[in-house]
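The values are calculated or read from the model by the stated rules, or taken from the named source; none is laboratory data. Being a predicted model, the structure only gives us computed values, none of them experimental. No Cβ is skipped: glycine too gets one built from the backbone with ideal geometry, and neighbour counts run over all protein chains shown.
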Amino acid sequence: GVTLWGQVGVNKTLKINNNAVVYAQSGVPGDLEEGKVYFGSPCIEARDKIKELVWVKRIPEIYKKVFDKDEGE
């Protein structure tokens, strides 16, 4: 089977293979591979999306390190 959590957007022409999971509020732009977990809009594999979100959350920290270093010199 396939698991689609709440408010997942899909179109009628794509193929979602067995055991695929799509987390809530995701947008599915095309076919999904068997046995993988997806989320985001557009959705990508969950492990890749989590890595992306970790870096996005670090932007303020990285920005501060870059620009505070210039001000201290």
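The set of residues from segment 24-45 being out of contact with any helix residue (DSSP H, G or I) (no Cβ under 9 Å at 6 or more places or on another chain) and aliphatic (A, V, I, L, M) comprises 24, 28, 32.
Does residue 31 satisfy the criteria of being of a type in the set (D, E, K, R) and modelled with pLDDT of 95 or more? When the stated conditions are applied, residue 31 passes them. Remark: pairs (first residue in segment 22-34, buried (at least 20 other Cβ atoms within 10 Å of the Cβ); second residue assigned to a loop (DSSP other than H, G, I, E, B) and among the aromatic types (Phe, Trp, Tyr); Cβ separation under 7 Å; 6+ apart in sequence or on different chains) = 22/5.
I'd like the full set of residues that are touching a Gly at 6+ places or on another chain (Cβ under 9 Å) and in a loop (DSSP other than H, G, I, E, B), limited to segment 30-46.
Those that are touching a Gly at 6+ places or on another chain (Cβ under 9 Å) and in a loop (DSSP other than H, G, I, E, B): 41, 42.
Tallying residues that are exposed (fewer than 10 other Cβ atoms within 10 Å of the Cβ) and either touching a residue at least 40 places away in the same chain (Cβ under 8 Å) or β-branched (Val, Ile, Thr) (or both) within segment 36-69 yields 4.
Restricting 65, 49 to residues that are of a type in the set (Lys, Arg), assigned to a helix (DSSP H, G or I) and in contact with a strand residue (DSSP E or B) (Cβ under 7 Å, 6 or more places away or on another chain) narrows the list to 49.
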